[in-house]
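To start, the structure itself, in structure tokens.
The values are calculated or read from the model by the stated rules, or taken from the named source; none is laboratory data. Predicted model only: the values in this text are computed from it and were never measured. Virtual Cβ from ideal backbone geometry, glycine too; neighbours counted across all protein chains shown. Heads up: the accessible areas ignore ligands, DNA and RNA and are worked out on the full protein's heavy atoms, side chains in. Shrake-Rupley method; radii C 1.70, N 1.55, O 1.52, S 1.80 Å.
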Amino acid sequence: MRFGQLIIKNLTRRPARTALTLIALATAITAVVSLFAIANGFTRSFADVYSSHGVDIVVSRQGSADRLSSSIDQNFAEKIAGLPGVARTAPVMLETLSLEQEAIYGIPTMGILPDSWLLENYQFKERAAPLVPTEAVSQDGTQNSEPMTIMLGIHLAERLQKKVGQTLDLFEQPYRITGIFQSTSTWENGSLMLPLCQLQSLSDRSGQATYINVILEEPKSAGTAQTALQAIQDLDKRLLPLTTSDYVLTDTRMNIAHAMAWMTSVIALAIGTIGTLNTMLTSVMERTKEIGILRAIGWPRRRVVAMILCESCGLSLIASFLGILLAFALTWTLSSAPQARGLITPDISQQVILQGLSLAVLIGILGALLPAWRAAKLLPTEAFREN
């Protein structure tokens, strides 16, 4: 019997035990790949919020524990726009609102100027009127009968089953839907958009913005970006200007998402290693006499070790392929669910797949070390004596 055939025979000798081990390992790999895919998709969607508009620099406030809760004077947008090398700026306010009557919570909400250039980068599925701020109370002190305006991302509109021209109640105030937009960012497709002054009023942050988007003049280079960053910093030491990539990569939410994925990997590694160790150690103990015969007919220790390692790694690799397939199915199902649409965009890239395969190989090696060492230490005489 050839070496490869012997390994296959050993793996299929106890089909029930092999199947249970495969299920356990595949579940661990599925969890790891899925979480990395969701974390990467979350980061990509967040980065698309800025890249879709061609933003080069994002300016927030120094010392904010959470960048999305940053608060700076919106008038800095005009001051930054006057700096050398800056083409245009746009203040943006971010909030998280809920539509309790529709049982939809945690909706990303953007406040922008009605004439902001940011609107140029959206594709409007429907649009009846511009995003015009409307006062809830008219100048004579009476209640304004004209609803305030709002725009919906395409995914949120589908979830609410709303169309342009209809109204949406927000904090017991009617808002007229004037547009349904689509963005390259999944995050924005599940969001609300209000005139900046109206969101400032709702959040009681008059004259404030969360951050300011900055586009540089051409030609763009690392040198011009650094010059612009320094010039913005010199305006006010409380400002924190960062390139778009740095802003996204250093965001607390992005770091938490990736940290959770790595923590899950460590837990999966521990569980997978213990499961593989148990399976392989039991297999070696059951085959003590067989291993003794192999040693008696001339098998060197390294060949016995290679056999155990190949069995363990083979088991882990099969589990990794099953786990990756399950991860594709699981993340697709999650992202297609109405509750998660617009929030989860899994990104199972080649890097994520390689991470899953690497984890599987590592589990196979670690889980086989002790059984392989025990099998290699067996002497033919001891093997026959134990049986």
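Residues in the range 101-114 that are surrounded by fewer than 19 Cβ atoms within 10 Å (Cβ to Cβ) and closer than 18 Å to Thr210 by Cβ: Gly106, Pro114.
Answer with yes or no whether Met263 is in a helix (DSSP H, G or I) and surrounded by 13 or more Cβ atoms within 10 Å (Cβ to Cβ). No; evaluated as a whole, the condition is false for this residue. Can you confirm whether Leu322 is more than 21 Å from the chain's Cα centre (by Cα), touching a residue at least 60 places away in the same chain (Cβ under 8 Å) and under 15 Å from Val33 (Cβ atoms)? Yes. Annotation: Ser64 fulfils all but one of (1) small (Gly, Ala, Ser); (2) open to solvent by 40 Å² or more (accessible area, probe 1.4 Å); (3) modelled with pLDDT under 90; the unmet one is (2). Residues that are among the aliphatic types (A, V, I, L, M) and more than 21 Å from Leu118 (Cβ to Cβ) within the range 200-228 comprise just one, Ala222.
Output yes when any residue across the range 28-50 is in a loop (DSSP other than H, G, I, E, B), in contact (Cβ under 8 Å) with a residue 60 or more places away in the chain, of a type outside the set (Gly, Ala, Ser) and touching a helix residue (DSSP H, G or I) at 6+ places or on another chain (Cβ under 9 Å), and no when none is. Scanning the range 28-50 turns up no residue that is in a loop (DSSP other than H, G, I, E, B), in contact (Cβ under 8 Å) with a residue 60 or more places away in the chain, of a type outside the set (Gly, Ala, Ser) and touching a helix residue (DSSP H, G or I) at 6+ places or on another chain (Cβ under 9 Å). Look through the range 11-22, keep the residues that are touching a residue at least 40 places away in the same chain (Cβ under 8 Å) and part of a helix (DSSP H, G or I), and return whichever of them is surrounded by the most Cβ atoms within 10 Å (Cβ to Cβ). My answer is Thr21. Filtering the range 115-134 to residues that are surrounded by 15 or more Cβ atoms within 10 Å (Cβ to Cβ), modelled with pLDDT of 75 or more and either of a type in the set (Phe, Trp, Tyr) or over 29 Å from the mean Cα position of the chain (by Cα) (or both) leaves Trp117, Tyr122, Phe124, Glu126, Arg127.
Determine whether the range 2-10 contains at least one residue that is in contact (Cβ under 8 Å) with a residue 12 or more places away in the chain and charged (D, E, K, R). No. Thr30 meets all of the listed conditions (1) under 20 Å from Ile363 (Cα atoms); (2) open to solvent by 50 Å² or more (accessible area, probe 1.4 Å); (3) of a type in the set (S, T, N, Q) but one, namely (2). Looking at the range 246-299 only, could you name the residues that are under 23 Å from the mean Cα position of the chain (by Cα) and small (Gly, Ala, Ser)? Selection gives Ala257, Ala259, Ala261, Ser265, Ala268. Surrounded by fewer than 18 Cβ atoms within 10 Å (Cβ to Cβ), of a type outside the set (Asp, Glu) and farther than 30 Å from Arg2 by Cα, is that true of Ile256? Spelling it out, Ile256 is indeed surrounded by fewer than 18 Cβ atoms within 10 Å (Cβ to Cβ), of a type outside the set (Asp, Glu) and farther than 30 Å from Arg2 by Cα. Residues of the range 150-179 that are more than 16 Å from Leu118 (Cβ to Cβ), of a type in the set (Val, Ile, Thr) and either surrounded by 17 or more Cβ atoms within 10 Å (Cβ to Cβ) or out of contact with any Pro (no Cβ under 8 Å at 6 or more places or on another chain) (or both): Ile154, Val164, Ile177.
Residues in the range 98-131 that are small (Gly, Ala, Ser) and touching a Phe, Trp or Tyr at 6+ places or on another chain (Cβ under 6 Å): Ser98 only. Close contacts from the range 92-120, counting a first residue that is closer than 20 Å to Ile72 by Cβ and among the small types (Gly, Ala, Ser) and a second that is open to solvent by less than 10 Å² (accessible area, probe 1.4 Å) and modelled with pLDDT under 85, with Cβ to Cβ under 9 Å and a gap of 6+ residues or different chains, come to Ser116/Leu131.
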